[in-house]
Amino acid sequence: MLKNHKNLIVTLLVSLVVVLAVFRYWEIAENFLITMWQATLPFIGGAMVAYVVNILMSGYERGYYHVFKGETARKFSRPLTLLLAYATFLVLLIILLGIVIPELIDSIQTLIASAPRAIQNLIEVVQENEWLNTHINEFFGSDASNGLVERVNAYATEILNGTGTFLLGLLTSVTDIFSALLNIFMALIFSVYVLVSKEELGSQIRRLIKTYLPSFYEPFENVRKVFHESFRNFFTGQMTEAVILGVLVFLGMTLFKFPYASTIGILVGFTNMFPIIGAYIGGIVGMILVMTQSFSQALWFLVFIVVLQQIESNLIYPRVVGNSVGLPGMWVIVAVTVGGALGGIFGMLVSVPFFASLYKLIRQDVLRREARQLLRQEEEAL
């Protein structure tokens, strides 16, 4: 008992000395951390690429084993599925960098340029409505509606210019950071090595933990499984759902002859990657874009997008995604907000499965503690 107390005191003292040293020599520590981050970034990027490609490769392997049987076929499974998975990943990457991001930037620029026209159309509708016009004048004073165009235009243009500049800078910086820091060549090479020997690497990590931290092994395995399940289900489900919704929006808008069909289709598909709030963001921005051409068309577009989202959420989403997020709506909004503040668009995407994993782990712990308390109460009752 005394030995344990001594070990705890020594650990606390060493930790305190390390913390004080870091604060005292913060500039040196900061430079060291930045250097280490830059040195390990290609390998972190490679591990991330390996994780995404592994999801594709595992799917291809299941299909391969379903079609081809026998020991000879198994020898070729890993090279073939690995090649197919990387080809798919590169195609998706080219689509993202070559089509989706430029379209998003173009839609933001179009929104900024066309916002005054959309506001003008909206205010003209208000001014032509006698009932609304009378109430606006009563509330703000006589002839308030006459100056409404200039005031709203001024405020909206200022807000949209600021927001647009921020979003364009964010999207551009994301693209630049992605291509500059990931160090594509090193990351891809490292990810190939990880995937080729993933079973061996997993076995080595488990052996190390069992040897040096045996009491930590079961909690580690549980945390790993929860995080893996959350991230895999989220990305496969949400990406599939985003593609389906984006294609449906494009086809529907083309059929009903709405403007900006391709731009809004890509925009709605991309924003749908963020559960709960993404659909609203894409729908509102799409309506504003359509409003630049026609106010009546914007209203019909609103009806179209609401009906489509109801079909999607009640028929398509449960079958494609199910409960893959596993996070209540309120916490999804918190996760997206916090993730966006800390890591931009990438943070918003990663934060949802990360929070979902924490939510599942905390729920597991609460249920476990409740079961212990119930068992203790039953024992005391006896």
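A few remarks follow.
- Contact map, segment 61-89: residues that are over 25 Å from residue 189 (Cβ atoms) and free of Cβ contacts under 8 Å to residues at least 60 places away in the same chain paired with residues that are not in a helix (DSSP H, G or I) and not hydroxyl-bearing (Ser, Thr, Tyr), Cβ distance under 9 Å, separation 6+ or inter-chain. Pairs shown: 74/68.
- Listed conditions (1) among the hydrophobic types (A, V, I, L, M, F, W, C); (2) in a helix (DSSP H, G or I); (3) closer than 30 Å to residue 57 by Cβ are all met by residue 285, apart from (3).
- Identity of the residue in segment 293-320, at pLDDT below 75 and touching a helix residue (DSSP H, G or I) at 6+ places or on another chain (Cβ under 9 Å), that ends up surrounded by the most Cβ atoms within 10 Å (Cβ to Cβ): 317
- Residue check for residue 50: loosely packed, with under 15 Cβ neighbours inside 10 Å, in a helix (DSSP H, G or I), within 26 Å of the chain's Cα centre (by Cα) and modelled with pLDDT of 85 or more: no
- Subset tally (residues that are of a type in the set (Val, Ile, Thr) and more than 20 Å from the chain's Cα centre (by Cα)) for segment 219-256: 3
- Residue satisfying condition, being at pLDDT 85 or above, on the phi < 0 side of the Ramachandran plot, part of a helix (DSSP H, G or I) and surrounded by 12 or more Cβ atoms within 10 Å (Cβ to Cβ), within set 218, 229, 241: 229
- Positions within segment 247-263 being touching a Phe, Trp or Tyr at 6+ places or on another chain (Cβ under 8 Å) and either outside any helix (DSSP H, G or I) or under 18 Å from residue 310 (Cβ atoms) (or both), in sequence order: 252, 253, 256, 258
- Qualifying residue in segment 83-103 (condition: of a type outside the set (A, V, I, L, M, F, W, C), on the phi < 0 side of the Ramachandran plot, part of a helix (DSSP H, G or I) and at pLDDT 75 or above): yes
- Test: residue in segment 328-338 that is modelled with pLDDT of 80 or more and not β-branched (Val, Ile, Thr): yes
The values are calculated or read from the model by the stated rules, or taken from the named source; none is laboratory data. Since this is a predicted model, take the numbers as computed values, not measurements. Note that we place each Cβ from the backbone using ideal geometry, even for glycine, and neighbour counts take in every protein chain shown.
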